[in-house]
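The block underneath contains the structure these notes are about, expressed in structure tokens.
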Amino acid sequence: LEARKRDDDNMASGVGVADDCVSVFNDLKLKHSMKYIVYNMNDKMTEIQVMKTGGKEATYEEFLKELPENDCRYGVFDVEYTDPKTKASRNKIAFFIWCPDTAKVRTKMIFASSKDELKKRLVGVACEIQGSDAGDVALETVVDRLQQI
């Protein structure tokens with residue numbers, strides 16, 4: 001039984017991650033060439049792909065507009081904030097899993113079970129934000145989480 005459980009854990013959801021998911025993330029992280037990335041599943045729900053990127057002047061509000069009311073997404077956003085102790089400007093990358101309550105159950109299950117496959121490849125993510133409504137992903141909430149790290 002123990003060996004079987006370990007095999008199940010390693011299988012995850014069977015969803016793959018497209019190569020450009022990592023290369024585009026590394027451009028965001030190292031070159032600061034964009035502010036955010038939105039990831040989605042392909043039509044067959046077998047691979048996570050880059051859906052959209054936001055240029056380096058993009059705003060958090062623009063990123064939030066990419067999170068649909070009735071469907072799931074993954075995303076990363078390069079959050080800039082002022083450290084309350086040092087008053088210095090800081091940047092940290094937040095990883096988002098967006099699964100609104102109104103999304104289809106099967107879609108939510110696939111996104112939840114596939115999240116770690118994407119997240120473990122995105123080296124340099126400071127925190128994970130799980131959102132199902134606007135309050136979960138409000139900028140103040142995200143900055144609070146990042147300041148605790």
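The values are calculated or read from the model by the stated rules, or taken from the named source; none is laboratory data. Remember, predicted model here, so these are calculated numbers, not experimental data. In this analysis, Cβ positions are derived from the backbone assuming ideal geometry, glycine residues included, and neighbour counts consider all displayed protein chains. Surface areas here come from the heavy atoms of the whole protein model, side chains and all, with no ligands, DNA or RNA. Shrake-Rupley method; radii C 1.70, N 1.55, O 1.52, S 1.80 Å.
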What's the total number of residues in region 87-96 that are of a type in the set (Gly, Ala, Ser) and part of a strand (DSSP E or B)?
2
Scan region 14-41 and report the pairs whose first residue is without any contact (Cβ under 8 Å) to a residue 12 or more places away in the chain and whose second residue is open to solvent by 30 Å² or more (accessible area, probe 1.4 Å), with Cβ atoms within less than 6 Å and a gap of 6+ or a chain change.
27/33
Breaking point among (1) surrounded by 17 or more Cβ atoms within 10 Å (Cβ to Cβ); (2) among the hydroxyl-bearing types (Ser, Thr, Tyr); (3) under 15 Å from residue 120 (Cα atoms), for residue 36:
(3)
Against the conditions (1) in a loop (DSSP other than H, G, I, E, B); (2) under 25 Å from residue 27 (Cα atoms); (3) at pLDDT below 95; (4) not acidic (Asp, Glu), where does residue 84 fall short? Just the number, please.
(2)
Of all the residues that make up region 79-124, how many are in contact with a Leu (Cβ under 6 Å, 6 or more places away or on another chain) and surrounded by fewer than 21 Cβ atoms within 10 Å (Cβ to Cβ)?
1
Given 66, 47, 62, 57, which one is modelled with pLDDT of 95 or more and under 13 Å from residue 117 (Cβ atoms)?
47
Within region 97-111, can one find any residue that is in a strand (DSSP E or B), of a type outside the set (Lys, Arg) and under 16 Å from the mean Cα position of the chain (by Cα)?
yes
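Which residues, taken from region 125-135, are open to solvent by 50 Å² or more (accessible area, probe 1.4 Å) and more than 21 Å from residue 47 (Cα to Cα)? If you could, list the steps in order and put the result at the bottom.
Our first condition is that a residue be open to solvent by 50 Å² or more (accessible area, probe 1.4 Å); within region 125-135, this holds for 130, 133-134.
Selection gives 133, 134.
In region 126-143, which residues are under 17 Å from residue 111 (Cβ atoms) and either free of Cβ contacts under 8 Å to residues at least 12 places away in the same chain or outside any strand (DSSP E or B) (or both)?
To start, the set of residues in region 126-143 that are under 17 Å from residue 111 (Cβ atoms) comprises 128-133, 136-137.
If the condition is that a residue be under 17 Å from residue 111 (Cβ atoms) and either free of Cβ contacts under 8 Å to residues at least 12 places away in the same chain or outside any strand (DSSP E or B) (or both), then 132, 133, 136, 137 are the ones that fit.
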Which one of these is aliphatic (A, V, I, L, M), over 21 Å from residue 140 (Cβ atoms) and at pLDDT 95 or above: 97, 37, 93?
37
So which pairs qualify, if the first residue must be in region 102-125 and on the phi > 0 side of the Ramachandran plot, the second must be charged (D, E, K, R) and open to solvent by 30 Å² or more (accessible area, probe 1.4 Å), the Cβ gap must be under 9 Å, and the two must be at least 6 apart or on different chains?
124/29
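Does region 40-73 hold any residues that are part of a strand (DSSP E or B) and open to solvent by 50 Å² or more (accessible area, probe 1.4 Å), and which are they? So that I can check it myself, show each step before the final result.
The first filter runs over region 40-73 and keeps only residues part of a strand (DSSP E or B), leaving 40-41, 47-55, 73.
Residues satisfying the conditions are 47, 49, 51, 52, 53.
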